[in-house]
Amino acid sequence: MEKEKSTRKFKGLELYDRQVEKDYFLLPFRFHRLTPEKEIIVNEVGDYLILPNGTFEKIVKRQIFKDSDEELYGDLLSNFFISEEKVSPLIDVLATRYRTKKSFLDDFTSLHIFVVSLRCEHTCHYCQVSRVTQDKGKYDMSIEHINKGIDLMMRSPNSHVTMEFQGGEALLAFENIVYAVERTKELAKVFNKKVTYVICTNLAVITEEILLYCKENDILISSSLDGPAFIHNENRKRPGRNSYELAIKGIELSRSILGKSRVSALMTTTNLSLEHPKEIVDEYYRLGFKSIFLRPISPYGFAVKNERKNKYETEKFIAFYKTALHHIIDYNLKGEFFSEDYASIILKKILTPFPVGYVDLNSPAGAINNVIVFNYEGSVYATDESRMLAEMNDFSFKLGHLDTHSYEDIFYGERAAWIAEASTNENLPGCSECAFQSYCGADPVHNLSTQGDISGYRPTSSFCQKNMEIIRYLIELMESDKRIRTVFESWIQ
Amino acid sequence: MATKNFIKDGVITVFADTSLYSKDGIFKCLYWYGDKFHTSVAFADSETYRITLEPISTINISSEEAELYLLKLERDLIDFNLRDIVTKETKNIRDLLVAKAFSNGEFDEEPVGTLSDPVGFDVNEIEVA
Amino acid sequence: MLLKTKGVSINIEETLVGKVTRLPENLTSDSFLLVDDEIQAYPDKAHLGILSKQNDIYDLDNGSVVLKIPTLEHLTEGDIVSVGADGNIHTLYRVDSYHNTLLATERCNSNCLMCSQPPRDKNDVSFLYGIHKKLIPLIPKDCVELGISGGEPTLMGELFFDMLEKIKHELPDTEIHVLTNGRSFAWDHMAYRLSQVDNNRLMLGIPVYSDYYQVHDYIVQAKDAFYQTIAGLHNLARYNQRIEIRVVLHKLSIPRLVKLAKYIYKNLPFVEHVAFMGLEYVGYTPHNIDKLWIDPMDYNKELGEAVEFLANKGLHVSIYNSQLCVLPENLWQYARKSISDWKNSYMPECQSCSKLEDCGGLFTWNLKKHSEHIKPFTTNVLELSSGIE
C-alpha cells in the first residue's frame, strides 16, 4: 500500500516538458504578409495561424518561449509549425494528412470530355471554338472516335468517371450523345465503372424528348447563364437575340423534368459583366440557384482575338468579384443560403483536412491527372483550354490522336511528362515559398497561352494575381468578421 | 565598407551583408521585381552584395515610387531571407514527409516512449496472426 | 444503489457466477436461489447455490450457500452475481439497466488527476477474467450495450482480445463500448490485432484532453501519453475501427478547449463521436480539486464554441454530466442523460423543476461539489421573473 502511494504521487506540469534547452525545430511552413498589421503562416497541410507582424521572424530566430509565449508556443507546436524533436513525434500523422490532401490523385483521370460537335447556333463574341455550319461530317465527332474515346475512358484506373458532352452546342449532335451513352452503359457493366453523365448546353435547342432521355439515364444538365437579359443577350449572340429567353425557358423545362438539383448554370464574365456584379448575382438568386460560380473568361480562342472587347485587367475582375461576393454574403446574412463556388473551393482547401479535386486549382494540375478531352476530330487534349489553344494553332497540349495513339502514348507519353514538369506549384518559381501554395494550384496551359512559357512568370501572371488576392481577401474577411466566418463555414459543409 | 542604400538616376541600390543574407534568398526576392526592373547582384566587396534595380525602359517610375520600391526591397530581402532559412532548415523533414505520405505505412516511426505498466504488460508480446 | 453485499459462505471454494431467481421452478445449473424468508424445502432442481437472509438452512448436504445476508432487495430476477468464498456477493449484471460494465482490470499506465476510479498496482487480470469468462455467456442475448472499463483494459494483453472475441461470439447484437486511453494502439500491431476481432459493434472511447502534448500528459500524469494516443488513434483509423473522443471539462482542459475541437476536426476527422464530460467529484478529483474546479457556468462560452464548431462540421457531439439549468439553451440538444442509473442523483430543489424529466442530473458524488447555478425551472413565468432561488 505504501509503495502504491509513492509511485502514484502527482507530478507538476513542468515534469512533462520534453523541450531541450529552450530550442525547437522548424517544420515546413510558409509565410505571407496579410495586412499591414497581420501576417499568416501556413503549414504543409494547409493549416494556418494569423499572427501579429514580426512573429514569423521571431519564430525563425528562436525567440518564442514556452513560458513567456505560452499560448502561441502551444499553437505552433500543436499545429505542426515547430517540433521539440528533430523528427516530430507525429510526423506520420502529418504524412497521413498530406496524403489525404493529395488523394484527389489516387484514382487518376475522372473527367472525360467528349466534344461531340463543334457546331453551334450561337455566335458568342467570347466563344473560343464554335462554328455556325450544317456540315456534320466535318464538325461532329464520328462514331468511330466516340467508340475509341469510350474505350480509353474504360481504361481509366478510376472506378468513378464523369462523361461530359461539350460543344459547340452538344445537343446539335444529340443522336450521337444517345449512341455514346448507350454504349457506355453496356461497357460500364463489363468494366465495373460508375459513370456520371453531363451535357453542357446553352439550352436553346433542348426539348422535352431530350430531357426525358436525360431523366431516364440520370444525365445532368450544365447550362450557361451570364446574368440578366441585357447582359446575357449581349454576350451570347444568336439570330433573334433571344438567347436569354431560351435559356430561362430551358432551365424551367429542365427543372420540371429532372428536378432542381440536376440542372446547373455557369456564367462567363465579360467586360460588360464587370459593370454589373450585383445584377448578375441577383439574377441567379431570383432563378432559385443555390450558388453562382464567378469565373473570369479564359484567354483563349476568339477571346484573345477580340482583344478590345474582352481584355480587361485582372484588377477589374477582382473588384467585380469582391463586390459580387459581398452581395452574396449579404444574402446569407439575411438568412438565405446562397454561395459562391470559387470561394467555396478555396475555403474547402483552407478550412478542411480533405482533398478538393477542382481541376483548375490543383497541384499537381488537373490536366491529364483529373481531366482529358476528346476533340470532335479525334485529337486528344490535356484540358478543355488546351483544345481552344489549338484553335489558335498552338498544339502544345495535344497529347495524341484517337486513331494513332494508345492509352499509354496519351496518358504517359512525352507530352504528358513535359506537362507534368510544370504541374506542381511546389516547385515552380515564385510558388515554391508562397504561403498560399496549398490553397492554390498550377495551370501550365494558362501559363503557356498567356505568357508563352509553360512554367509561367509569376510577377505578371494573371492567374497568380487573381488567386493571391482572392485567397488573401477570403482569409481577411473571415478573420475580421465572425458572421462572415459562419457564412463561409456554411458553404463548405 | 559603408553600405548605405541609395537611389541615383532612378537606379535603386541596396547592400546586403553576405554573412547574413543567403544568395538564394536574394535571387528569390529579386524574381518579384523582374516585371519592372533590370535586376543585378554583384559583390561590392567580399563581405557585401550590391543589389541594383534599374527600371526597364517602358516602365515609368517616379522618384516617390522609387523610394517606396527601395523600402519594399529592403523589407522583402529580410522576408525572403527568413523564408530561405525555413526552406533550408526543413528540407530534410519535408522530403521525409512527402516520402511517408506516398508510402503505405512501411516507413512509420516507432512509437514515442514506452508503455509503463506497474505489473508488467509488454505490448510486444501480443501476437498477430 | 447497492451493488455489493456479504454473508457467511458455506461450501464455496472458488468464486461462483450465476443468475439469481426467487422461483425454485426456474432454477438451472448456473443460477442461485434467493431466499428472503424461511425456505419451504431444499430445491430438488440442479442449481449453483442458495443466497439466504436466514441464519440457517435445512438439508444442506454439500450445496453452496451464503447465509445471513443483510438484504437481497437490490437483486432482480435474472441479475447476474458473483459469489466468493469470503461470502461477498457482487452484482455483475443488472437486467433492468442499460449501463452494464465489465471491469477489465484496475491496473493503469496513466494516473489522471481526475480519475474517478483510481488504479491499483496489482495483477488482477486473471482473477477478473476468470469471472468474466463465466459471466459473458450468461448475459441475455438481447443486451443492448455493454461497457468495458478499467483501469486500462488493453493491459489485459492477449486476454483483452480473447475477451472481445468471446463477447462477439456470445453477444453478436450487443453494442460494445471500451474505455481505453488508446496508448497501446500506438503500436500498430495492437490496432491490427483489434481489427482482427472484426466486430463492427465495437467502439473505443478514448480521451484527448488538450491539443498541446504537455497539458494532456500532465492531466493524465503520464509521459509520452499524448503522442502515443494520437498515433494510436491514427492506427485505429487505418484499420477502420470506430472511435469516440472523450474530453473531461475542468480548469486544465478549458483554456485550449476550442483549439482542441479544431485539432480533432483537422487531425482526427474520422472519429464517430465526441463527448464533452462534466467533472466527477469522486476518486482522485477531491484530492486535486483546486487544480481542477471551475464552475460549469463559467466555461459555457468555450464549451459552446467547441461543441458548435464540431457539430457544424458534421460530427456527432454530446455533452455528458451536465444540468440543463447550467447549460445555455442552444446546447440542450447535445446534452444526454448519460449518468448510469445507480450513480444518478438530483438536488433537493430539483424536485420542483419542470425540466426534471429531460435533465441528466448529477453524479451522486457531485451532490457535494456542483455548479453554484443550479436552480429549478418553473413553468410559471411570473415566478421565474421574480426569482426563486
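Just so it is clear, none of the values below were taken in a lab; they were calculated from the coordinates. Everything numeric in this text was worked out from a predicted model, so none of it was measured. All Cβ positions, glycine included, derive from the backbone under ideal geometry; neighbour counts span all protein chains shown.
Worth pointing out:
- Seen from every direction in turn and averaged, the convex hull around the alpha carbons of the range A:308-443 projects onto 11.4 nm².
- Over the Cα atoms of the range C:4-90, the radius of gyration divided by the Kirkwood radius equals 0.90; this is the Rg/Rh ratio.
- Overall Cα dimensions of the range C:99-174, principal axis frame, Å, largest first: 37, 23, 16
- Exposure proxy order (Cβ contacts within 10 Å, fewest to most) of A:R8, A:R241: A:R241, A:R8
- Alpha carbon convex hull of chain B, projected area averaged over orientations, nm²: 14.6 nm²
- Compared with the dominant Cα axis of chain B, that is its longest principal axis, helix B:63-89 is turned about 20°.
- For the range C:287-356: rounded, prolate or oblate by the Cα gyration tensor [a/c cutoff 1.5]: oblate
- Histogram of C-alpha separations across the range A:128-211, 10 Å bin width, %: 16, 48, 30, 7
- Chain C: angle of helix C:225-238 to the longest principal axis, Cα-based, in degrees nearest 10: 80 degrees
- Straight Cα distances below 20 angstrom link A:K185 to the lysines A:K148, A:K193, A:K194, A:K215, with same-chain residues fewer than 8 positions distant left out.
- Scattering profile of the range C:101-385 at q = 0.07, 0.08, 0.13, 0.14 Å⁻¹ [log10 I(q)/I(0), Debye over alpha-carbon scatterers]: -0.26, -0.35, -0.92, -1.07
- Spherically averaged projected area of the convex hull of Cα atoms, the range A:241-290: 3.8 nm².
- Exercise: per-residue mean of other protein chain Cβ atoms within 10 Å, B:97-108: 6
- Per-q log10 I(q)/I(0), the range C:247-389, q = 0.13, 0.15, 0.21 Å⁻¹ (Debye; single scatterer per alpha-carbon; no solvent): -0.60, -0.78, -1.34
- Relative intensity, log₁₀ I(q)/I(0), of the range A:19-101 from a Debye sum that treats every alpha carbon as a point, q = 0.22 Å⁻¹: -1.08
- Cysteines without a disulfide-compatible partner [chain A; Cβ-Cβ under 4.7 Å]: A:C120, A:C200, A:C214, A:C431, A:C434, A:C440, A:C464
- At R0 = 60 Å, FRET efficiency that the Cβ-Cβ distance of A:L187 and A:Q451 yields, to 0.05: 0.90
- 10 Å Cβ neighbours from other chains, averaged over peptide C:209-215: 6
- Chain A - Rg and Dmax from Cα coordinates, angstrom: 25.5, 98
- Distant alpha-carbon pairs in the protein assembly as shown (separation over 39 angstrom), percent: 58 percent
- Sorted ascending by nearby beta carbons within 10 Å, beginning with the fewest, A:S103, A:S423, A:S264, C:S318 become A:S103, C:S318, A:S264, A:S423.
- For the range C:1-54, the spread of Cα positions along the three principal axes, ordered from largest to smallest, is 27, 24, 23 Å.
- Span-like helix ranges in chain A, DSSP H, alpha carbon extent 24 angstrom or more, Kyte mean at least 0.0: A:174-191, A:314-333, A:462-480
- Unsatisfied cross-links (Cα-Cα over 27 Å) in the set A:K9/C:K251; B:K4/B:K28; A:K9/C:K122; C:K262/C:K355; A:K348/C:K259; C:K45/C:K166: C:K262/C:K355; C:K45/C:K166
- Close amide H partners of A:S291, meaning residues 5 or more places away or on another chain with modelled amide H under 5 Å apart, are A:S339.
- Shielding of B:75-84 by partner chains, average beta-carbon count, 10 Å: 3
- Where N is the number of residues in the range A:423-480, Cα Rg divided by 2.2 N^0.38 Å: 1.15
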